[in-house]
Each structure stands twice: as C-alpha cells, then as structure tokens.
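Laboratory data are not the source of any read-out in this text; all were calculated from the coordinates shown. The structure presented is a predicted model; accordingly, all values stated were derived computationally and were not measured. In this analysis, Cβ positions are derived from the backbone assuming ideal geometry, glycine residues included, and neighbour counts consider all displayed protein chains.
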Ligand code: AMP
C-alpha cells in the first residue's frame, strides 16, 4: 500500500568512538525509506543539491523507493554533522547547513496524492501541513515526527499541524517538552488533547512506548552487544513502524502493536554500522528473524 515520506536527504559527517566519516549519505527521509522499503513500497519527497549525483542516488537502488518526488535544486544538499560521546548516550551537533533545504517547498507528484499512509518527517510544521493540503483524499494514517527546534521555535504552527495528524512519533525528552510534563504517561495524555490518537515515545536503548486509547505497550530495544552509530535510529524506527502498517493495510490496535516490534527491529539494525551501511544491505529475511527473536524475548505467560 502506498507509503509517502517527506523529510531530509542529506550528507552527514559523523564521529563515533568506533569510526568517523566526513561525508556519507544521511537524512531522516533516507533512513526512513531504506527501513520502510523492506516492508512496503515507499514514495519519497525531498530536495537535494547538484552534489547529490547518480552515484549517491544509487543508495535507493534495489529497493522499492519511488524517487519521482526527489527534487534537484542548484546548490549544495543539506549537511549535518554530529559527534557522539564515548558511551554513545549523548550527541553534539557540530553543524547544520540547510543549503537547498532552506527554500524547500515540498511538491507532491500527481501520482503521490492518493497515498494512504503518510510520514511527515522532522521539517517545518508549516511545510508538513503543506504536504497534507496536496493530498487528494484524507490518508488512512498520517504520522509525524518533530523536534525541540520546532517545539520551542514555532509552537503555534506545530499545534495547528498536530490537530491534523493521527500519530505522533517523538523521543522522550521532546514529548516532555511538548507536553510540559516530566512524566511520560501524563505527557502522552496531554498530547492526545492536542490531536494525535496514538503517541509513540522513543526512548533509545530503553525501547519505545505506544499510547493508544486506554492501552499502553512497551517494546524493548533489541539487545545488541555493540552499537556502532546511533544516527538515524529514530527515523528507521518510524520506517519499520509505518512500513508494517502500510504492508498490512490495517490500523487497528493489534497492528499498531506489531508495528512497534518492526519499529524496534529496524531501529536496532540501523545502529549496527556507520551511517546507512547496515540498512543498505539488510534483507527482509533478517528483519523477520529479528522480529521473531524480539517477540520471543518479551513474551511471558502468567
Ligand atoms: P536522528 O539520529 O534520528 O536525529 O537522525 C539523524 C538524521 O537526521 C541525520 O542523517 C541528519 O542528516 C538528519 N537531520 C539532522 N538535523 C536535521 C534537521 N534539523 N532537519 C532535518 N533533518 C535533520
């Protein structure tokens, strides 16, 4: 089923205790698309500069990622640089250069306007709304990611956008900031009152929580002996989550619960190598095997 993503396609410079690169392909929409396309075909909307050549575009080859919505603009692609602490628990942003992203006005190709599943990656909430305005029909599910920059910088715009969406995927700190609450349960309830009917709170190595109606589900992160580079884990989680829902064309409570497992699994693969290296060579078979393993680790019968 049609799954649309809008967000950044970028070059990243990454420094981790295990390795560094001064230029690799990154961007939230890139991680999302590589993760989700193992489960369902993805339609990508983003902008890149003329430094993003056919060689870079090849990152999506062999995957069901429709690039009709990948706009090319004169100039440089979005560039982001980050450095992780030795325990990988904290990250410092060293540079954010918007470049062609600064004037990005997402334009949906005609064929994308009937997409049933939509993921609005972390961009200006006004642009996220602009994407929804271009849809021919109300999608079956609209999910959104955002960050502190928009929560603090453009709260009114964000509030307007939140009223239009179904699910919010957000990390724990940002959920608390958005809700003005320290407690995650109270934060989720407060976010319900802002519009979303489902709230997914990502907690890094502590897993993720789904709040939907009166029910709560917690899913652990898949235990890994070695985490190499946490970049893009959240976007890959979102890709696994949305990819599962789009594949099964269902958004009831039990599919949301299963989607959480796929989110956690795709997030865990993303961190195993530098940048998108692990997602690039990942197979559906590996995803399914890890999903089964995660479920085995967490099922308890009392
Ligand atoms: P995450 O680790 O989930 O924060 O995602 C990291 C990815 O998001 C990197 O590949 C960056 O290129 C991209 N990114 C970082 N900052 C921004 C931003 N302000 N807007 C859009 N994308 C960003």
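Computed over all pairs of different Cα atoms, the Kirkwood value for the hydrodynamic radius of the range 155-278 is 14.8 Å. As a proxy for reagent exposure, 216, 170 were ordered by neighbouring Cβ count within 10 angstrom, fewest first; the result is 216, 170. Put simply, the C-alpha atoms of the range 68-202 give a gyration tensor, and the ellipsoid matching it has half-axes of 25, 23, 12 Å, longest first.
Summary of packing: across the peptides 174-186, 6-18, the per-residue average of other C-beta atoms within 10 Å ranks them, highest first, as 6-18, 174-186.
Express as a percent, rounded to the nearest 5, the fraction of DSSP beta bridges in the range 3-298 (both residues included) that run antiparallel. The antiparallel fraction comes to roughly 40 percent. In plain terms, the bigger the Kirkwood radius, the slower the diffusion; for the range 242-302, with that radius from Cα pairs, at 10 °C and 1.306 mPa s, Stokes-Einstein puts D at 127 µm²/s. Entry note, the chain: the mean residue ellipticity at 222 nm calculated from DSSP H runs of n ≥ 4, each adding -39500 (n - 2.57), is -10000 deg cm²/dmol after division by the residues and rounding to the nearest 500.
A viscosity of 1.306 mPa s and a temperature of 10 °C, combined with the Kirkwood radius over C-alpha pairs in the Stokes-Einstein formula, give the range 3-298 a diffusion coefficient of 84 µm²/s. Across the range 1-90, Cα-Cα pairs more than 23 Å apart make up 28 percent of the total. Panel order for 144, 70, by other beta carbons found within 10 Å of each beta carbon, from fewest to most: 70, 144. Taking the DSSP bridge list for the range 1-72 and keeping only pairs wholly inside it, about 40 percent are antiparallel. Note: relative contact order over the chain, using C-alpha pairs below 8 Å and six or more positions apart, is 18 percent. Taking other Cβ atoms within 10 Å as a rough exposure proxy, 4, 294 sort from fewest to most as 294, 4. Short-range pairs are left out: with C-alpha atoms under 8 Å and at least six residues apart, the relative contact order of the range 25-124 is 27 percent.
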